[in-house]
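A short write-up of the structure that comes next.
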Amino acid sequence: MTVGAREPRQQRSRQTRERLLTATVDMLAAKGWSATTVAAVAEAAGVSRGAAQHHFPTREDLITAVLDQMFEQMTQTAAETGLPAGPDRIAAVVEQAVSIYIGVPFKAALQVWAAAASDEALRELILPREAKLARAAHRLTVQGLDPTGVHGEHAHRLAQITLDLARGLGLADTLSDDSRRRSQVVAAWVEQVKLALAD
């Protein structure tokens with residue numbers, strides 16, 4: 001087989017994999033863990049079950065791939081998002097932290113975490129990935145709040161509180177649209193962080 005013939009096949013394989021991962025996130029968020037099987041995801045993605053199982057032989061393979069992709073996307077998006085200088089920086093950092101925990105990917109991750117709480121094998125797969133995601137979110141938030149490193153441990157604590165607050169806001173948003181209250185809470189927290197980091 002020539003290189004030119006392999007390339008379209010590899011591209012189709014990548015596209016199939018992406019469709020499966022996207023369908024998994026959407027299905028987890030909308031229908032939950034028990035409904036998100038490889039067969040159901042394949043159907044939602046418009047992919048044959050055999051093709052889905054070629055990429056992801058088990059549901060655990062599929063879920064860990066989704067979590068790995070979420071980590072990569074979060075870190076890439078945060079790295080590409082330029083933060084403003086000056087007084088608007090803190091607001092942008094807090095909003096960036098909240099954005100990690102709002103929306104479909106977090107709702108999907110919640111379903112996995114809930115299932116892992118009562119499934120030891122799944123928990124062993126998920127814990128290292130969840131810890132990696134948490135460390136990356138914390139590092140990005142610290143860097144945003146304290147780009148020069150002058151606030152040290154104080155900035156680390158504020159970053160952790162910011163992420164805990166963001167996670168709570170994400171949980172509140174899972175059952176109903178909480179955007180109005182969330183914007184008020186975020187604005188109030190931004191003011192507190194500004195005061196805490198004032199020189």
Open item on the list: Which of the numbered conditions does TRP33 fail, given that it passes all the others? Conditions: (1) part of a helix (DSSP H, G or I); (2) under 25 Å from LEU163 (Cβ atoms); (3) outside the structural domain of GLY144 (by TED's automatic domain parsing).
Closed with: (1)
TODO: Looking at (1) more than 18 Å from the chain's Cα centre (by Cα); (2) at pLDDT below 90, find the lone condition where HIS151 falls short.
DONE: (2)
Open item on the list: Criterion first (within 18 Å of the chain's Cα centre (by Cα), surrounded by fewer than 19 Cβ atoms within 10 Å (Cβ to Cβ) and either part of a helix (DSSP H, G or I) or outside the structural domain of VAL25 (by TED's automatic domain parsing) (or both)) does LEU127 satisfy it?
Closed with: yes
- [ ] State whether one or more residues within the stretch 62-76 are without any contact (Cβ under 8 Å) to a residue 12 or more places away in the chain and assigned by TED's automatic domain parsing to the domain that holds GLY144.
- [x] yes
Open item on the list: Against the condition in contact (Cβ under 8 Å) with a residue 40 or more places away in the chain, loosely packed, with under 14 Cβ neighbours inside 10 Å and not assigned by TED's automatic domain parsing to the domain that holds ALA35, how does PRO87 come out, does it pass?
Closed with: yes
Task: Test result for LEU171, over 19 Å from THR141 (Cα atoms), surrounded by 12 or more Cβ atoms within 10 Å (Cβ to Cβ) and out of contact with any Cys (no Cβ under 8 Å at 6 or more places or on another chain) - done: yes
Task: Considering residues of the stretch 174-199 that are among the polar types (S, T, N, Q) and free of Cβ contacts under 8 Å to residues at least 12 places away in the same chain only, the residue surrounded by the fewest Cβ atoms within 10 Å (Cβ to Cβ) - done: SER176
Open item on the list: Return the residues of the stretch 172-199 that are at pLDDT below 95, closer than 12 Å to VAL98 by Cβ and among the hydrophobic types (A, V, I, L, M, F, W, C); say none if nothing qualifies.
Closed with: ALA172
TODO: Give the residues of the stretch 36-76 that are surrounded by fewer than 14 Cβ atoms within 10 Å (Cβ to Cβ), at negative phi and outside any helix (DSSP H, G or I), sorted by residue number.
DONE: SER48, PRO57, THR58
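The values are calculated or read from the model by the stated rules, or taken from the named source; none is laboratory data. Remember, predicted model here, so these are calculated numbers, not experimental data. Glycine also receives a Cβ, built like all others from the backbone with ideal geometry; neighbour counts cover every protein chain displayed.
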